[in-house]
Structure formats: C-alpha cells, structure tokens
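Just below is one structure, and these are the notes that go with it.
The values are calculated or read from the model by the stated rules, or taken from the named source; none is laboratory data. Worth saying up front: this structure is predicted, and the values here are computed from it rather than measured. Ideal geometry is used to build each Cβ from the backbone, glycine not excepted, and the neighbour counts take in all protein chains shown. For accessibility, only protein heavy atoms count, side chains too; no ligands or nucleic acids. Shrake-Rupley method; radii C 1.70, N 1.55, O 1.52, S 1.80 Å.
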Amino acid sequence: MKLVFAGTPEVAVPALDALLSSGRHEVAAVVTRPDAPAGRGRRLVASPVAQRAEEAGIEVLKPARPRDEEFLARLREIAPDCCPVVAYGALLPKVALDIPARGWVNLHFSLLPAWRGAAPVQHSLMAGDQVTGASTFLIEEGLDSGPVYGVVTEDVRPTDTSGDLLTRLAFAGAGLLAATMDGIEDGALQAVPQPVEGITLAPKIQVEDAHVDFAAPALRVDRVVRGCTPAPGAWTVFRGERLKLIQVTPLPDRTDLAPGELAVGKNNVYAGTGSHAVELLWVQPQGKKPMKAADWARGVRIAPGERLGA
C-alpha cells in the first residue's frame, strides 16, 4: 500500500522504521507537528519523526492544523491507501479521515478500551496495572474509540518508569503496526468493535497530578514517581522549593516515620508515608542536575524532624 505516516515524538520513530524496512509498503510522506522551540536558545527544532523522514529522503508535511486546506490538498494529491499514526499529537478532522481509502490506523499504547487518551502508559503505571500493551485501531471521530485490528501485551516490571515501559511498547508496537498494515492489504484483518465495558480514560498528566502526597501509602508514592518519570517529573517541596523525585523504593519494614518525615543514614535517605517508609534514591533539586539522594542530603544537612511536602 501507499502510506502516509503521521507521528511526532521519538516514541513514534521505531514504527516509522518498521514500515520503511517492511519491503511491502511505500511510505510516500510523513505528517508531523510543526518545528518547536527547544533548548536554552529556544531555537526551532524539527520533531524526531521529521528528522528521521528527512534522513530517509521522504517528504515531510508540517501543517499547523490538520484541517488546513493546503495540507488536505497535498494529501489528496498523494492519495494514500492508508495512514498509520503513532503519537501525532493533533486531532484529525473528518475531512482528513475520509481521504485515505483504508482510513487512518492508530498505534495506541494500551489494551483498549483501557486508558483512552494522551497518557496511557503513565496512567497504567499509576493505577498499578500488572499487564499492559499496545493496540492498533481504525481512527474515528471519538477519542480512541474505533474498532481494533490487533494487540500485543507487555508485563509491567516492578521498577518500570513510564519511560522504560513506553520504550518497550514502542518497539513491540512497531511490529504490530507493520503486521496490521500487511493484514489490511491482504484482507486478512477485520477491525473488531471495542467492548463497551472496561473503558478508562488517560488524559494528559498535569504538573499538579505529579505532586507526591506523602500522606498516601508508600505503594501510591512509588507508583506516582514511576508513572511521572521522566515526564512531567514527580515532585514535592522541601524548604519552600520544589524537589523532583526520580527514584524511590518502598521499605515495608520501616514504619517509624511520619508522612513526609525525613531520616538520614550514612548512605541512605528515608521518608515516611501514610503506610511505611520509602527510600529516596535519586532526586533533582530546583535548578540543579539529578543526583543521588544521599549526596543531596549531605549538601542540605537535613535537621531532625524536617519533612517533605511542608
């Protein structure tokens, strides 16, 4: 089939690579978000998908909005059979959805209908799911509600961050998306409507969602930290400034600390929660680079009874 691939961040690049190397389909163009400011100089930088497409010599389309007439006209000229999508980052209007003969097929990083929305991996980790996965589905106007072509599953490991899990799903999902394109071309795949039960939503994680409440149980603290790492970054407050929490580990045997209360050992830093303590392993003070929590504690000289979150 002739394909137009839509995607923007690094997590979409493995799927683009899988389609480029499939040997069965022609990736005629790529659709991605416009260049965005990045770095200290705030220079405009092309998306990872745009950079990969340019390396491969593929036409790159960067509409400000996917309903822009110039973009729609070019898409009609290309006349793709199908448009595979991975984390494009903009809602597609019906006028665009109607252009490819076999529609737009999205790779979504959850087992639909669970975790429809922008942040499925983060919400899955924060909810404590033990198994997650990726799904390919035919895009319709509803939010991630279209019929499903196929799924792959992935076990959630006890120390997974959202970055770890998303990386594995990006590569597993790349193979699923390529196989879905093959099945659509062969006529061997039929999309199956999603169940009406089991729908959960995964809206974008806001900064306040990443605020760690040390009155919550240690398990919840650990899940928030892992779910919000690397982005947007779990955080608390210490001495009136934000402290980012990069890695913690629950300690079921230590229950002597009040919620948020800090205790410092020779090479360890502990914080109380609503249940048992957690050990702080890596933190990032405001305006500084990530560091081991023990190094941070030596630098700030934590006094007895000081707390996080005050």
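Brief remarks on what is shown
- Computed with every protein chain present, the accessible area of residue 288 is close to 120 Å² [probe 1.4 Å].
- Using θ = phi - 60° and Karplus 6.51 cos²θ - 1.76 cosθ + 1.60, couplings along the range 295-305 (whole Hz; Gly, Pro as x): 5, 4, 5, 5, x, 8, 6, 5, 8, x, x
- Measuring between alpha carbons in the structure, the pairs from 2/204; 2/94; 62/288; 266/288 lying more than 25 angstrom apart are 2/204; 62/288.
- Cα→Cβ-extended label distance, 7 Å offset, between residue 288 and residue 76, nm: 5.9 nm
- Centroid-to-centroid, using Cα positions, the range 1-33 and the range 135-187 are 14 Å apart.
- Diffusion coefficient, µm² s⁻¹, Stokes-Einstein with Kirkwood Rh over alpha-carbon pairs of the range 156-259 at 25 °C and 0.890 mPa s: 145 µm²/s
- Exposure ranking of 88, 149 by accessible area [1.4 Å probe, largest first]: 149, 88
- Charge dipole of the chain about the Cα centre (unit charges at C-beta), most positive-ward option of 217, 240, 276: 240
- Heavy-atom SASA rank of 282, 104, 115 (probe 1.4 Å, accessible area, largest first): 282, 115, 104
- Gyration tensor verdict on the range 12-69 (Cα atoms; rounded if a/c is under 1.5, prolate if a/b is larger than b/c, oblate otherwise): oblate
- Annotation: for a label point projected 7 angstrom from Cα along Cα→Cβ of residue 101, residues of the range 1-41 with backbone N closer than 16 Å are 1-4, 25-28.
- Spherically averaged projected area of the convex hull of Cα atoms, the chain: 17.7 nm².
- Taking every DSSP beta bridge that has both ends in the chain, the antiparallel portion is near 70%.
- Scattering from the range 91-230 was approximated by placing one identical point on each alpha carbon and applying the Debye formula without solvent; log10 I(q)/I(0) at 0.12, 0.13, 0.17 1/Å stands at -0.51, -0.59, -0.93.
- Residues whose amide H comes within less than 5 Å of that of residue 201, counting only those at least five positions distant or on another chain, are 115, 116 (H built at 1.01 Å from N in the peptide plane).
- Modelled label reach - residue 167, point 7 Å along Cα→Cβ, the range 34-77 residues with backbone N closer than 19 Å: 48-49
- The accessible surface of the chain, taken with every protein chain in place and a 1.4 Å probe, is 52 percent carbon and sulfur.
- Dipole moment magnitude, nearest 20 debye, the range 94-209 about Cα centre, only Lys, Arg, Asp, Glu C-beta charged: 80 debye
- Mean separation of Cα contacts under 8 Å (6+ apart) over length of the chain, as relative contact order %: 13 percent
- Estimated [θ] at 222 nm from DSSP helical runs (n ≥ 4, -39500 (n - 2.57)) normalised by residues in the chain, nearest 500: -7500 deg cm²/dmol
- Relative contact order computed over the range 126-218 (Cα-Cα under 8 Å; 6+ residues apart), in percent: 27 percent
- Once the 1.4 Å probe is applied to the protein heavy atoms, the chain comes out at 48 Å² accessible per residue.
- FRET efficiency, residue 59 to residue 190 (Cβ-Cβ, R0 25 Å, nearest 0.05): 0.20
- Heavy-atom accessible area with a 1.4 Å probe sorts 200, 32, 161, 153, largest first, into 153, 200, 161, 32.
- For q = 0.18 Å⁻¹, Debye-computed log10 I/I(0) when each Cα of the range 1-149 counts as one equal scatterer: -1.10
- Per-residue ³J(HN,Hα) for the range 264-271, Karplus 6.51 cos²θ - 1.76 cosθ + 1.60, θ = phi - 60°, Hz, x for Gly and Pro: 10, x, 4, 9, 9, 10, 10, 9
- Relative contact order, percent, the range 83-131 [alpha-carbon distance under 8 Å, six or more residues apart]: 34 percent
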